[in-house]
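Below is one structure, written out as structure tokens; comments come after it.
Nothing in this text is a laboratory measurement; each read-out follows from the coordinates by a stated rule. The structure displayed is predicted, hence computed values, not measured ones. Counting neighbours? That spans all protein chains shown, and the Cβs are built from the backbone with ideal geometry, glycine included.
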Ligand code: UDP
Ligand code: MG
């Protein structure tokens, strides 16, 4: 019999977890496969760890890892994938925004043998704010143009993958993890299932607008070097403009003499060009910062406790 590992990143999910477990149990009973749960407690400040301890006592198939602090969802997913032992592995949010009933179709798809990944994609973004919907749309439009790695609009991290795919994702040990990009980067044949976006069952979203904005920038920096080219192009265009200006001024001086004026325009030009230079330096700095973090080779997560006890 095949084994499915269910990896669940959890950050302050004490209310959602019992409901999640109950709902998923209802579904996986219908699947002819062994199940293993791997909950990753990402430094929660509420009673998530207690809930996980209780679950793992009652059900031997429930395993958990608990981080020493909050490392972020991406790190939690990596930890879960590394700890998983199943032939198939799925990653799901703890808030039931990933409908567990899709697992049945995902499992059947992989069993047929043609596909290596079966992933979920939400048709709508119900339950998210107007601003968040707009910015998400723009993000996908921009990244589609500037990155070779394809990011599917509406794609969730919810997917069932074969072991080879999981091993490929684990092999990418980068510190700046943008999981949508990493999942897409490894390739393999993917089948997409569409569904209507669900609202969270309990608790609140862990993503503020600014956290999400920073995450989008991270995604762009991690999977595209286009902003660097943009900075360089801007430089070339400005050089060209200045060349035209020089010719214009020389010709004007030769023809009409040189009445001294133009202080305000000079100040404007200095301000504009300083701004452009700082902007370009900022872009380079962003890439440099990421490179700096990568070269430190710091651990992506630190585990403090598992279902077997404290480490
Ligand atoms: N999560 C996590 N660490 C974090 C933030 C979130 O492990 O620092 C988990 C969270 O518990 C949930 C999933 O990631 O299972 C998705 O988070 P959330 O539902 O808040 O995101 P949204 O659905 O609003 O995008
Ligand atoms: Mg959610």
(request) Write down, largest first, the equivalent ellipsoid semi-axes of the range 1-138 in whole Å, where each equals the square root of 5 times an eigenvalue of the alpha-carbon gyration tensor. (result) 23, 22, 14
(request) Can you quote the Å³ per residue value for the convex hull of the Cα atoms in the range 223-275, rounded to an integer? (result) 59
(message) Quick check on packing: order 82-92, 232-242 by the mean number of other C-beta atoms within 10 Å, highest mean leading.
(response) 82-92, 232-242
(message) Helix 130-146 against the longest principal axis of the chain: what's the angle in degrees, Cα atoms only, rounded to the nearest 10?
(response) 70
(message) Please rank 209, 67, 256, 230, fewest neighbouring Cβ atoms within 10 Å first, as an exposure proxy.
(response) 256, 209, 230, 67
(request) Counting helices only, and only those DSSP H runs with n ≥ 4, report the 222 nm mean residue ellipticity of the chain as the sum of -39,500 (n - 2.57) divided by its residues, in deg cm²/dmol to the nearest 500. (result) -17000 deg cm²/dmol
(request) Please determine, in degrees from 0 to 90 and to the nearest 10, the orientation of helix 226-256 with respect to the longest principal axis defined by the Cα atoms of the chain, where the helix direction is its Cα long axis. (result) 10
(request) Whole Å is fine, so just give me how far the alpha carbon centre of the range 10-44 lies from that of the range 124-170. (result) 23
(message) Given axes a ≥ b ≥ c from the Cα gyration tensor, I'd like to know whether the range 1-49 is rounded (a/c under 1.5), prolate (a/b larger than b/c) or oblate.
(response) oblate
(request) Can you tell me what the convex hull of the Cα atoms of the range 166-282 projects to on average, as an area in nm²? (result) 13.7
(request) Using R₀ = 25 Å, calculate the FRET efficiency as 1/(1 + (r/R₀)^6) where r is the Cβ-Cβ separation of residue 141 and residue 234; round to 0.05. (result) 0.75
(message) Please compute one quarter of the surface area of the Cα convex hull for the chain and express it in square nanometres.
(response) 20.5
(message) I'd like the distance between the alpha-carbon centres of the range 207-231 and the range 246-311, rounded to an integer number of Å.
(response) 15
(request) Using a/c under 1.5 as the rounded threshold, could you call the range 84-226 rounded, prolate or oblate? The axes a ≥ b ≥ c are square roots of the C-alpha gyration tensor eigenvalues, and prolate needs a/b larger than b/c, oblate otherwise. (result) oblate
